[in-house]
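Asks: What follows is a structure written as structure tokens; I'll ask about it next.
The values are calculated or read from the model by the stated rules, or taken from the named source; none is laboratory data. Keep in mind it's a predicted model, so treat the numbers as computed, not measured. Heads up, the Cβs are rebuilt from the backbone with ideal geometry, glycines too, and the neighbour counts pull from every protein chain shown.
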Amino acid sequence: MKSKLGSLAYAAILAVGLFLGVALISHSATPVAMAQEAPPKMEGVAYTSWWHGEYSSAGSEQTLAIIDDVGAEWISVLATWYQDTLTSTTIYSDANRTPTDADVIHAIETAHALGLNVLLKPHLDVQTNEWRGEIGEGHFTTEAEWDAWFTSYQAFINHYAQIAADYDVEMFCVGTELDKTAVEELRWRDVITGTGGIASIYDGDLVYAANHTYTNTVMFWDAVDYIGIDAYYAVAVTTTATLEDFKAGWTAPISFLIELSEEWDKDILFTELGYRSVDGAGMIAWEYQGAPPMDMQEQADLYQAFFEEVFPQEWFAGIFWWNWTTNPMQGGPCDRDYAVLDKPAELILRRFFNGNPKQGAGNLVPRPNEAGAWNVYTDQLAPGAWTSTWNQSTVELAATDEVYAGQYSIRTFLTGPSWGALQIGPGTADSSPYHWLEFYINQETPDHAIQVIFDGGNTLDYCRYTVAEEDGWRQVRIPLDKAGVPNAISWFAYQTRGNDTTLWLDNIRLLGVLPVELSDGYAQQAQQGATVTYTHILQNYHSAAASIALEATSSRHWPLELRVGEPATPYIGAVRLGSGMTTTVQIVLTVPVTETAGVADTTTLVASGMETIAMYNDQLEDVTTVLSSAQYIYLPLVMRGYPGSR
């Protein structure tokens, strides 16, 4: 039979505690309290950064707002320190990689301001990229080495325990996936509850995060409040597995976790679980490298299988989904990683987290202003524009082997292992007159992921903004506000995400937008005599305030009224909008009672610029189809047999 305590002293303490507990129960006059309602399950995401400054960025605040909108109630905040090798006994903060204390505190305070609870989850990594679970047994061979490592670990973990205490963090993680140190049970108990340990600094809930390969080697679960599992279990054995297969794949892990929870009388918290949007993600959820075929539906099915099979379990305390970075443009239709933003899995997460409905990119589809473009590269760089390369990458500015238009293109070879990149300075610092960065790109190996980086802005995958494809070339328009550089763009770069990659670029330009913009029209059905309302958005994309005139006409000359604003008021004269501002425009249309069933009316709305934007206009069409009265069932005026009828 396993011993949960590693010494006779602990066993003796436990025996005394049990004796006193029985005595207190026997002599207590207080009746046994009724079982209290279980606390709500923690609905969380793992919020991650491995670089200084990111948690304090504007992008971080945008991402936390998205996490809140998705419906999460918790985030875990990651902060990583390092040791040089598996045999090292000194743990330290890396000046280039570890988020600063100010960064971590900013993330905590921003989360709290949004109403999110926080689990502070310090990590330890090895600079030589071995897994942290290998630290310890087999590499520390003397008591002096163990003592030195645990002394260093205590200083590291206490540093964050103090931050957790000072900033009212709701839960603290005492360690993550340190499998081969768990054999040192008494040392771990000292780290957590000993003199000068975590509990002497922080009095909130504690959790230890064991790896999913854990097999009852941790013997100090009684020293923490929750059993934590980084739960990357294999729930499939084939790349063709279905939702039902994934649900069945949880049977064995659930059986083990039930026994674990009962044995220690503690609820289990999944301190991490995530799936990449790739084929076979259910087989190797822990594998974060490689570029298997993309499979958005598998990721969504894996999320749904978890919520249907694991989340309702009585022993289950909650989850932190891996992972959300500080980049508000993570995820998207070409991303293979764990992010779910703008993927089908996001809809699953919103549904089970009771989040807000997913908002689209907006109803407006801005039109490019071709006449006002800033051409950065068309066969040659524009005056003042420049390029450079990172990490032994190369560039040819007059390539002829792949050309989209004209005579030349830019060919660049990006070195994979060293994160090579091509950097381009557009030659203008003022991007305020422009709306998009547009370019044409052709990759030799399309599966090699490329990210576009903006100085002082965001990092994103270009393919989510592809507007057309032809002969291997993609036309891409990245909105500068999504890039995080709406007013000033000093440079942007194309960077490989792990593979040696050759690509070609052509017709790079900053592109403006036509200033008068209406959202799309749509269709409705209505009965004779009914009133139909169409609601649209009008936006001024001009760089200054502008007046816009409106006119609506019905193809069948049905009565209509224009209304603007919120609350809607009758339209008179013109609409005055500030730069970038929007307003609603309603068309209230009345179907004549004499109208013929089955006919359709097309209502045209025209918005025309005035004053400085008089040359610009936009229009839309709404279509109303008249329903046949035969589709409705009318009750007779006299209902025979009904009490009170005549």
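Asks: For residues in the range 287-322 being of a type in the set (S, T, N, Q) and in a loop (DSSP other than H, G, I, E, B), which is modelled with the lowest pLDDT? Can you show your working first?
Replies: In the first step, residues of the range 287-322 are kept if they are of a type in the set (S, T, N, Q); the result is 289, 297, 299, 304, 313.
Retained after the next criterion (residues that are in a loop (DSSP other than H, G, I, E, B)): 289, 313.
Working: Gln289: 82, Gln313: 97.
If we take residues in the range 287-322 being of a type in the set (S, T, N, Q) and in a loop (DSSP other than H, G, I, E, B), then Gln289 is modelled with the lowest pLDDT.
Asks: Please work out if Gly138 is more than 17 Å from Thr325 (Cα to Cα), surrounded by fewer than 22 Cβ atoms within 10 Å (Cβ to Cβ) and not acidic (Asp, Glu).
Replies: Working: more than 17 Å from Thr325 (Cα to Cα): yes; surrounded by fewer than 22 Cβ atoms within 10 Å (Cβ to Cβ): yes; not acidic (Asp, Glu): yes.
Taking the combined requirement at face value, the residue satisfies it.
Asks: Another question, then. Out of all the residues in the range 242-264, which are of a type in the set (Phe, Trp, Tyr) and either assigned to a helix (DSSP H, G or I) or in contact with a His (Cβ under 8 Å, 6 or more places away or on another chain) (or both)?
Replies: Initially, the range 242-264 is screened for residues of a type in the set (Phe, Trp, Tyr), giving 246, 250, 256, 264.
Correct list: Phe246, Phe256, Trp264.
Asks: Taking the range 521-553 on its own, how many of its residues are hydroxyl-bearing (Ser, Thr, Tyr) and under 35 Å from the mean Cα position of the chain (by Cα)?
Replies: Going residue by residue through the range 521-553, those that are hydroxyl-bearing (Ser, Thr, Tyr) are 522, 531, 533-535, 541, 543, 547, 553.
Those left that are additionally under 35 Å from the mean Cα position of the chain (by Cα): 522, 534-535, 541, 543.
So the answer is 5.
Asks: Then there is this: Within the range 484-509, how many residues are in a strand (DSSP E or B) and touching a Leu at 6+ places or on another chain (Cβ under 9 Å)? Can you show your working first?
Replies: Just the residues of the range 484-509 that are in a strand (DSSP E or B), to begin with: 488, 492-496, 501-509.
Cutting the leftovers down to touching a Leu at 6+ places or on another chain (Cβ under 9 Å) gives us 492-496, 501-503, 505, 508-509.
Going through the range 484-509 one residue at a time, the tally reaches 11.
Asks: Sticking with this structure for a sec: Do we find a residue being assigned by TED's automatic domain parsing to the domain that holds Gly228, at pLDDT below 95 and either of a type in the set (A, V, I, L, M, F, W, C) or out of contact with any Gly (no Cβ under 7 Å at 6 or more places or on another chain) (or both) anywhere in the range 97-115? Steps first, please.
Replies: Looking only at the range 97-115, we keep the residues that are assigned by TED's automatic domain parsing to the domain that holds Gly228, and these are 97-115.
Then drop every residue that is not at pLDDT below 95, which leaves 97.
Narrowing further to those that are either of a type in the set (A, V, I, L, M, F, W, C) or out of contact with any Gly (no Cβ under 7 Å at 6 or more places or on another chain) (or both): 97.
Yes; the residues of the range 97-115 include at least one that is assigned by TED's automatic domain parsing to the domain that holds Gly228, at pLDDT below 95 and either of a type in the set (A, V, I, L, M, F, W, C) or out of contact with any Gly (no Cβ under 7 Å at 6 or more places or on another chain) (or both).
Asks: Exactly one of (1) more than 22 Å from Asp147 (Cα to Cα); (2) among the hydrophobic types (A, V, I, L, M, F, W, C); (3) surrounded by 23 or more Cβ atoms within 10 Å (Cβ to Cβ); (4) touching a helix residue (DSSP H, G or I) at 6+ places or on another chain (Cβ under 8 Å) is unmet by Leu206. Its number?
Replies: (3)
Asks: Tell me the residue from Arg556, Arg563 that is basic (Lys, Arg), over 40 Å from the mean Cα position of the chain (by Cα) and modelled with pLDDT of 95 or more, please. Walk me through how you get there before you give the answer.
Replies: Details: Arg563 fails: over 40 Å from the mean Cα position of the chain (by Cα).
The match here is Arg556.
Asks: Please give the number of the condition Gly59 fails out of (1) at pLDDT 95 or above; (2) over 16 Å from Asp101 (Cβ atoms); (3) out of contact with any Lys or Arg (no Cβ under 9 Å at 6 or more places or on another chain).
Replies: The one condition Gly59 does not meet is (1).
Asks: Oh, and also: When you check His557 against the structure, is it on the phi > 0 side of the Ramachandran plot, of a type outside the set (A, V, I, L, M, F, W, C) and not assigned by TED's automatic domain parsing to the domain that holds Val395, yes or no?
Replies: Working: on the phi > 0 side of the Ramachandran plot: yes; of a type outside the set (A, V, I, L, M, F, W, C): yes; not assigned by TED's automatic domain parsing to the domain that holds Val395: yes.
Yes, satisfied.
Let's see how each residue does on (1) outside the structural domain of Asn327 (by TED's automatic domain parsing); (2) surrounded by 16 or more Cβ atoms within 10 Å (Cβ to Cβ); (3) at pLDDT below 95:
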residue	(1), (2), (3)
Lys343	no, yes, yes
Lys358	yes, no, yes
Asn363	yes, no, yes
Val376	yes, yes, no
Gly384	yes, no, yes
Thr389	yes, yes, no
Thr394	yes, no, no
Ala398	yes, no, no
Glu402	yes, yes, no
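Asks: Next up: Cβ-Cβ distance below 6 Å, separation of 6 or more or different chains: which pairs start in the range 485-497 with a residue that is within 13 Å of Thr428 (Cα to Cα) and end on one that is of a type in the set (Asp, Glu)?
Replies: Every condition considered, the pairs that remain are Ser490/Asp455; Trp491/Asp455.
Asks: Okay, next question. Name the one entry in Arg563, Arg576, Arg556 that is touching a residue at least 40 places away in the same chain (Cβ under 8 Å) and among the basic types (Lys, Arg). Please lay out each step first, then the result.
Replies: Values: Arg563 fails: touching a residue at least 40 places away in the same chain (Cβ under 8 Å); Arg576 fails: touching a residue at least 40 places away in the same chain (Cβ under 8 Å).
Every option except Arg556 fails the conditions.
Asks: Restricting to the range 156-214, what's the tally of residues that are of a type in the set (Ser, Thr, Tyr) and in a helix (DSSP H, G or I)? First the steps, then the outcome.
Replies: Taking the range 156-214 as the starting set, the residues that turn out to be of a type in the set (Ser, Thr, Tyr) are 160, 167, 176, 181, 193, 195, 200, 202, 208, 213-214.
Those still in the list that are in a helix (DSSP H, G or I) too: 160, 181, 193, 200.
Number satisfying all stated conditions: 4.
Rundown of residues vs (1) within 30 Å of Gly290 (Cβ to Cβ); (2) in contact with a Cys (Cβ under 9 Å, 6 or more places away or on another chain); (3) free of Cβ contacts under 8 Å to residues at least 60 places away in the same chain; (4) not in a loop (DSSP other than H, G, I, E, B), yes/no style:
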| residue | (1), (2), (3), (4) |
| --- | --- |
| Pro366 | no, no, no, no |
| Trp374 | no, no, no, yes |
| Pro383 | no, no, yes, no |
| Thr387 | no, no, yes, yes |
| Gly416 | yes, no, no, no |
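Asks: For Ala144, state whether it is in a helix (DSSP H, G or I), surrounded by fewer than 16 Cβ atoms within 10 Å (Cβ to Cβ) and modelled with pLDDT of 95 or more.
Replies: On the way: in a helix (DSSP H, G or I): yes; surrounded by fewer than 16 Cβ atoms within 10 Å (Cβ to Cβ): yes; modelled with pLDDT of 95 or more: yes.
When the stated conditions are applied, Ala144 passes them.
Asks: When the residues of the range 598-641 are narrowed to those that are hydroxyl-bearing (Ser, Thr, Tyr) and surrounded by 15 or more Cβ atoms within 10 Å (Cβ to Cβ), which ends up modelled with the lowest pLDDT? Walk me through how you get there before you give the answer.
Replies: Taking the range 598-641 as the starting set, the residues that turn out to be hydroxyl-bearing (Ser, Thr, Tyr) are 602-604, 608, 612, 616, 624-625, 628-629, 632, 634.
Narrowing the set further to residues that are surrounded by 15 or more Cβ atoms within 10 Å (Cβ to Cβ) leaves 603-604, 608, 616, 624.
Details: Thr603: 97, Thr604: 97, Ser608: 96, Tyr616: 93, Thr624: 96.
Checked the range 598-641; the qualifying residue modelled with the lowest pLDDT is Tyr616.
Asks: Go through Phe246, Phe256 for me and flag whichever is assigned by TED's automatic domain parsing to the domain that holds Phe311, under 13 Å from Val310 (Cβ atoms) and surrounded by fewer than 21 Cβ atoms within 10 Å (Cβ to Cβ). Write out each step before concluding.
Replies: Working: Phe246 fails: surrounded by fewer than 21 Cβ atoms within 10 Å (Cβ to Cβ).
Going through Phe246, Phe256 in turn, just one is assigned by TED's automatic domain parsing to the domain that holds Phe311, under 13 Å from Val310 (Cβ atoms) and surrounded by fewer than 21 Cβ atoms within 10 Å (Cβ to Cβ): Phe256.
Asks: Please find, within the range 489-535, the residue that is modelled with the highest pLDDT out of those that are small (Gly, Ala, Ser) and closer than 30 Å to Ser388 by Cα.
Replies: So in the range 489-535, the residues small (Gly, Ala, Ser) come out as 490, 493, 498, 512, 519, 521, 523, 526, 529-530.
Keeping just the survivors that are closer than 30 Å to Ser388 by Cα gives 490, 493, 498, 512.
Working: Ser490: 92, Ala493: 97, Gly498: 81, Gly512: 92.
Checking each candidate, the answer is Ala493.
Asks: May I pose another question? If you go through the range 329-341 one residue at a time, how many are buried (at least 20 other Cβ atoms within 10 Å of the Cβ) and in contact with a strand residue (DSSP E or B) (Cβ under 6 Å, 6 or more places away or on another chain)?
Replies: Of the residues in that region, 4 qualify.
Asks: From the residues in the range 418-460 that are buried (at least 19 other Cβ atoms within 10 Å of the Cβ), part of a loop (DSSP other than H, G, I, E, B) and not aromatic (Phe, Trp, Tyr), which one is nearest to the chain's Cα centre (by Cα)?
Replies: Here the answer is Asn458.
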